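Undergrad: Here it is, the structure, as structure tokens.
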Amino acid sequence: MTKGIKGKEPNARIVYGDIIDLPHHISTKHSHMSLYDRAAQFMPFAALTGYEDMVNEEARITDNAILLEDSIKDLISQKINLISEAIKKGVFPTVAITYFVPDTNKSGGKYITVKEQVKK
């Protein structure tokens, strides 16, 4: 008897005797599937699609916008005036400007600093 058959189960050689020893069929219409593509068919089903992205988004840290005091606003205004005067004299200084960008997905946002040469 064939290995693996127990008790009253029919012998596979008898049941499938007409096809069991036939050569493996090779299609003339379809190319052979790669092992990688074949393995992909049997990958586990992702029941929680997007869950990982949702967890990562929730864990992402955002900053809160800082409300500037009037004294800081005055200092920024003075610095902008100095830059404006320098431009009028033909000097185009390099400045670093930090500004707040609100987050589109959750409360808060992030601060971005840009360092560039002033053009106008």
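Undergrad: Going through the stretch 77-98 one residue at a time, which ones are outside any helix (DSSP H, G or I) and surrounded by 11 or more Cβ atoms within 10 Å (Cβ to Cβ)?
TA: Narrowing the stretch 77-98 to residues outside any helix (DSSP H, G or I): 89-98.
Of everything in the stretch 77-98, those that are outside any helix (DSSP H, G or I) and surrounded by 11 or more Cβ atoms within 10 Å (Cβ to Cβ) turn out to be F92, V95, I97.
Undergrad: Which residues, taken from the stretch 64-85, are under 24 Å from D103 (Cβ atoms) and either touching a Pro at 6+ places or on another chain (Cβ under 7 Å) or β-branched (V, I, T) (or both)?
TA: Of everything in the stretch 64-85, those that are under 24 Å from D103 (Cβ atoms) and either touching a Pro at 6+ places or on another chain (Cβ under 7 Å) or β-branched (V, I, T) (or both) turn out to be I66, I72, I76.
Yes or no, residue by residue, for (1) over 30 Å from E116 (Cβ atoms); (2) more than 32 Å from the chain's Cα centre (by Cα); (3) outside the structural domain of Y111 (by TED's automatic domain parsing); (4) without any contact (Cβ under 8 Å) to a residue 60 or more places away in the chain:
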| site | (1), (2), (3), (4) |
| --- | --- |
| Y16 | yes, yes, yes, yes |
| A47 | yes, no, yes, yes |
| E52 | yes, no, yes, yes |
| K79 | no, yes, no, yes |
| F92 | no, yes, no, yes |
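Undergrad: Now for a different question. Identify the residue in the stretch 56-76 that is surrounded by 10 or more Cβ atoms within 10 Å (Cβ to Cβ) and not charged (D, E, K, R) and, among all such residues, is nearest to N105 (Cα to Cα).
TA: Step by step, filter the stretch 56-76, then rank; the result is T62.
Undergrad: What residue, among those in the stretch 11-34 that are surrounded by 10 or more Cβ atoms within 10 Å (Cβ to Cβ), assigned to a loop (DSSP other than H, G, I, E, B) and of a type outside the set (F, W, Y), is modelled with the lowest pLDDT?
TA: Selected residue: N11.
The values are calculated or read from the model by the stated rules, or taken from the named source; none is laboratory data. Predicted model, so just to flag it, every value in this text is computed and none were measured. Using ideal geometry, Cβ is built from the backbone for each residue, glycine included, and neighbour counts are taken over all protein chains shown.
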